[in-house]
Structure formats: C-alpha cells, structure tokens
1. Out of the residues in segment 83-110 meeting the condition of being farther than 29 Å from Ile47 by Cα and modelled with pLDDT under 75, tell me which one is surrounded by the fewest Cβ atoms within 10 Å (Cβ to Cβ).
2. Of everything in segment 149-172 that's surrounded by fewer than 17 Cβ atoms within 10 Å (Cβ to Cβ) and in contact (Cβ under 8 Å) with a residue 60 or more places away in the chain, which residue is farthest from Gly48 (Cα to Cα)?
3. For residues in segment 63-76 being in contact (Cβ under 8 Å) with a residue 12 or more places away in the chain and among the small types (Gly, Ala, Ser), which is surrounded by the fewest Cβ atoms within 10 Å (Cβ to Cβ)?
Amino acid sequence: MKHSLTLTLALSALAPMHAWSQLSDSLIPEFTATVLTGEQIKSTQLIGQPTILIVTPSKGAAEDTRLWANALRANIDPSLVRIRDVLAIDLPFFMSEEDAIGRAKAKIPARYYDQTWLLNESTLETALSIPRDSASAFVFVLDAQGQVVARVEGEPSDSKMTQVQTGISSTQ
C-alpha cells in the first residue's frame, strides 16, 4: 500500500486570500481525530515527515477529493510524502461519530481506512481558513515540522499539481 496523506475535511465557504499568507507562518493546530479503523489519532502524528492533506469541507467537495487522491497517487513519490484522508465534519445532533464512520466506510475503499480520519471539531478548519460548506477541496503540503508550505483549492490541474510538487520539493 502506498504511503499517502490525504485529508478529507467537511468544512465551509472559501477562505480570504489574506488568510493564506498568514498560514505560511503557522504550524498545523493540535487536534484529535478518529481513524476509520476506530483508533484515535493526534495531529502530532503528522510531525516527522512531509505530509499532504486533502481537506473536504462538504459533500459537494467530495468529487474534488477523489480527483486529488488519484492525481496525487499518480504524480507523487510516496517515499517523499505521506497522504491521509481526514473527514472533518460538523455532525448534526442526531448523528453519532460511529454513524459518520459507517457512512464514510461505505464510500471509501477498505485499503484506505487507516489513512482516513474523521474530525468533529473546528480547530483545523479555523486554523487553515477553510470556510464551511465550500464545494471545493483544499490541499495542503506540510513540512516535517507541521508547517504549511503550500495550499491549493478546487479540482486538480497541471498548475495546482506543480504548486503541490514545489511545496514537497521545498521540504527536502
């Protein structure tokens, strides 16, 4: 199985451009998520190796996420960076985390369960300036210390893939 870090987060609307400039000076915030396999994971586990996070802020952004996952697997050397999927969602009061995990498992191939995280808090969304209900996926490249070095949004394109690859190269 390829090492990959694809973050899928359910978040909201588009981030202001000035917020991105502030991101490049910040570290990934502390958070705890649940892996689709059931275990708890902390953001500190992202430290130590460059990471790509694909964030899915809404159901509408799911197609972008699928496209990014495929594009990254085809274009990124998994020995250089890990990919994880984190589904950060604002659960309605009537839905449990277990229900959300069950729904995610119905859509995600079992071989990626250990790379897919469910996050039910807004710390990451706020820190990365990801608006709620955005129909676009967000892709972040983190260096080994957890600092954001690249950010793109929307579906993959050649220029966005180049930005991601440049971000990864800057971590070497």
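The values are calculated or read from the model by the stated rules, or taken from the named source; none is laboratory data. Quick caveat: nothing in here was measured; it's all calculated off a predicted structure. Because the Cβ atoms are built from the backbone with ideal geometry, glycine has one as well, and the counts that use them run over all protein chains shown.
1. This residue is Phe93.
2. Per the criteria, the residue is Glu155.
3. Ranking the qualifying residues of segment 63-76, first place goes to Ala71.
Condition check ((1) farther than 22 Å from Ile41 by Cα; (2) surrounded by 21 or more Cβ atoms within 10 Å (Cβ to Cβ); (3) out of contact with any Asp or Glu (no Cβ under 6 Å at 6 or more places or on another chain)) across all residues:
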| residue | (1), (2), (3) |
| --- | --- |
| Thr116 | no, yes, no |
| Leu124 | no, yes, yes |
| Ile130 | no, yes, yes |
| Ala144 | no, no, yes |
| Gln147 | no, no, yes |
